[in-house]
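Student: The structure that follows is given in the form of structure tokens.
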Amino acid sequence: MSTPILRVAGILEGISCLALFGFAMPMKYVFDNPEFIRPTGMTHGVLFLAFLVVLLATCHVKKWSLGIFGLGLIAAIIPFGTFVFDHKIKKLDTE
């Protein structure tokens with residue numbers, strides 16, 4: 001796997017997280033309209049798993065340490081984490 005694919009997967013996962021927390025959940029809990037939770041949550045779940053698979057494959061191909069995979073895993077769990085991890089990926093790719 002190449003680094004640009006990992007970066008795109010991370011950005012898409014981050015955007016889906018923002019959509020879930022910033023749009024779908026307020027629609028459900030503030031406006032009592034739960035119809036956006038299922039598709040947004042499903043999309044976020046699929047993109048989360050895709051990011052982890054691409055991260056694992058990229059770490060294997062690029063021979064990155066297990067620590068980099070751990071950072072990516074933590075970044076995927078924390079909101080806005082994949083955007084911060086993207087900066088780390090840029091640095092690793094230039095080395």
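The values are calculated or read from the model by the stated rules, or taken from the named source; none is laboratory data. In this text the structure is predicted, and so the values were computed from the model without any measurement. Reconstructed Cβ throughout: ideal geometry from the backbone, glycine too, with neighbour counts over all protein chains shown.
Student: Quick one: what pairs do we get from region 21-48, first residue among the acidic types (Asp, Glu), second surrounded by 12 or more Cβ atoms within 10 Å (Cβ to Cβ) and part of a helix (DSSP H, G or I), C-beta under 8 Å, 6+ apart or different chains?
Tutor: If the second residue must be surrounded by 12 or more Cβ atoms within 10 Å (Cβ to Cβ) and part of a helix (DSSP H, G or I), the pairs left are Glu35/Met27.
Student: Give the residue that is farthest from Ala57 (Cα to Cα), with candidates limited to residues of region 1-45 that are assigned to a helix (DSSP H, G or I) and either of a type in the set (Val, Ile, Thr) or in contact with a strand residue (DSSP E or B) (Cβ under 7 Å, 6 or more places away or on another chain) (or both).
Tutor: Out of the qualifying residues, it is Ile37.
Student: Condition test on Gly70, is it loosely packed, with under 12 Cβ neighbours inside 10 Å and assigned to a helix (DSSP H, G or I)?
Tutor: Against the criterion (loosely packed, with under 12 Cβ neighbours inside 10 Å and assigned to a helix (DSSP H, G or I)), Gly70 qualifies.
Student: For region 57-67, enumerate the residues that are surrounded by 16 or more Cβ atoms within 10 Å (Cβ to Cβ), without any contact (Cβ under 8 Å) to a residue 40 or more places away in the chain and under 26 Å from Leu18 (Cα atoms).
Tutor: Matches in region 57-67: Cys59 only.
Student: Would you be able to say whether some residue in region 49-56 is in contact with a Ser or Thr (Cβ under 9 Å, 6 or more places away or on another chain) and free of Cβ contacts under 8 Å to residues at least 40 places away in the same chain?
Tutor: Checked region 49-56: no residue is in contact with a Ser or Thr (Cβ under 9 Å, 6 or more places away or on another chain) and free of Cβ contacts under 8 Å to residues at least 40 places away in the same chain.
Student: From the residues in region 73-89 that are assigned to a helix (DSSP H, G or I) and touching a residue at least 40 places away in the same chain (Cβ under 8 Å), which one is surrounded by the most Cβ atoms within 10 Å (Cβ to Cβ)?
Tutor: Here the answer is Thr82.
Student: Checking Leu47 against (1) at pLDDT 95 or above; (2) in contact with a Phe, Trp or Tyr (Cβ under 8 Å, 6 or more places away or on another chain), which test does it fail?
Tutor: (2)
Student: Here is a follow-up. Might you let me know whether region 17-40 holds any residue that is within 15 Å of Ile77 (Cα to Cα), hydroxyl-bearing (Ser, Thr, Tyr) and surrounded by 16 or more Cβ atoms within 10 Å (Cβ to Cβ)?
Tutor: No, the conditions are met nowhere in region 17-40.
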